[in-house]
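Written out below as structure tokens is the structure these notes cover.
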Amino acid sequence: MTTAKFVTEVIVTDPDSKLPVEVSIYKHQNGGLFGLDSSFIDQTFEEDEPIVYDIFEDHTTGPKVKLIS
């Protein structure tokens, strides 16, 4: 299983609601960066290192990435 290490959290404006949204930025072990809505992570996962579908792979086949701090 691949990993993605937490880099920082940024605030962006949601283009629909115009409200601020906290986005957690992760660095994938392949070198790419990606972000996930921080509240989604908090509300969906109880574990400290959640496992999500790997956005750099074909997610329909199930590759996953562990988010680590």
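No lab work stands behind these numbers, since they all come straight from the coordinates. The structure displayed is predicted, hence computed values, not measured ones. Cβ placement follows ideal geometry from the backbone for every residue including glycine, while neighbour counts extend to all protein chains displayed.
Sequentially through the stretch 5-18, phi angles give Karplus couplings (6.51, -1.76, 1.60; θ = phi - 60°) of 9, 4, 10, 6, 10, 10, 10, 10, 9, 5, x, 8, 7, 6 Hz, Gly and Pro residues having no value and appearing as x.
If you stretched the chain out fully between GLU47 and VAL21, how much longer would it get, using 0.36 nm times the residue separation minus the C-alpha to C-alpha distance?
Length gained between GLU47 and VAL21: 7.2 nm.
For the chain, lysine pairs with C-alpha atoms less than 22 angstrom apart, excluding pairs fewer than eight positions apart on the same chain, total 5.
If one puts a single equal scatterer on every Cα of the chain and applies the Debye formula without solvent, what log₁₀ I(q)/I(0) results at q = 0.12 Å⁻¹? The Cα Debye sum returns log10 ratios of -0.32. Given a Förster distance of 30 angstrom, what is the FRET efficiency for VAL10 paired with LYS66, based on the Cβ-Cβ distance and rounded to 0.05? It comes out at approximately 0.90.
Among 7-14, 38-45, 20-27, 51-58, sorting by the average number of other beta carbon atoms lying within 10 angstrom of each residue, highest first, gives 20-27, 51-58, 38-45, 7-14.
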